[in-house]
Amino acid sequence: MSKPSAPILAWLRTQLKNKGLNVAALANKTGAKRKDVRKVLDGRAPLTVDQLMTWTQALELSLE
């Protein structure tokens, strides 16, 4: 069984790619540590609601 956050993480990775950004760019925009962002996007650490909100704002995305 996959994690409930798997589709959200896939969407975030796609959005990063579409914007020509990488993990380092997202970390810089949000003030997060690159290794922590990588762990979450790889599914090795849980995605928090706070991270989701911060990341979508940094990427200028809508959750709709």
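The values are calculated or read from the model by the stated rules, or taken from the named source; none is laboratory data. Every value quoted in this text rests on a predicted model; they were computed, and no experiment measured them. Glycine gets a Cβ as well: all are built from the backbone with ideal geometry, and neighbour counts include every protein chain shown. The accessibility values were calculated without ligands, DNA or RNA, using every heavy atom of the protein model including side chains. Shrake-Rupley method; radii C 1.70, N 1.55, O 1.52, S 1.80 Å.
Can you confirm whether ALA24 is part of a loop (DSSP other than H, G, I, E, B), surrounded by 10 or more Cβ atoms within 10 Å (Cβ to Cβ) and free of Cβ contacts under 8 Å to residues at least 12 places away in the same chain?
Details: part of a loop (DSSP other than H, G, I, E, B): no; surrounded by 10 or more Cβ atoms within 10 Å (Cβ to Cβ): yes; free of Cβ contacts under 8 Å to residues at least 12 places away in the same chain: yes.
No, not satisfied.
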Considering VAL49, VAL40, which residue is at negative phi and surrounded by 14 or more Cβ atoms within 10 Å (Cβ to Cβ)?
VAL40
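Can you tell me how many residues in the range 1-21 are in a helix (DSSP H, G or I), touching a residue at least 24 places away in the same chain (Cβ under 8 Å) and open to solvent by 80 Å² or more (accessible area, probe 1.4 Å)?
At the first step, the residues of the range 1-21 found to be in a helix (DSSP H, G or I) are 6-18.
Retained after the next criterion (residues that are touching a residue at least 24 places away in the same chain (Cβ under 8 Å)): 6, 8-9, 12-13, 15-16.
Still in the list and also open to solvent by 80 Å² or more (accessible area, probe 1.4 Å): 13.
Summing the residues that are in a helix (DSSP H, G or I), touching a residue at least 24 places away in the same chain (Cβ under 8 Å) and open to solvent by 80 Å² or more (accessible area, probe 1.4 Å) in the range 1-21 gives 1.
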Sole exception among (1) in contact (Cβ under 8 Å) with a residue 24 or more places away in the chain; (2) in a helix (DSSP H, G or I); (3) open to solvent by 80 Å² or more (accessible area, probe 1.4 Å); (4) touching a Lys or Arg at 6+ places or on another chain (Cβ under 9 Å) for LYS29, by number
(4)
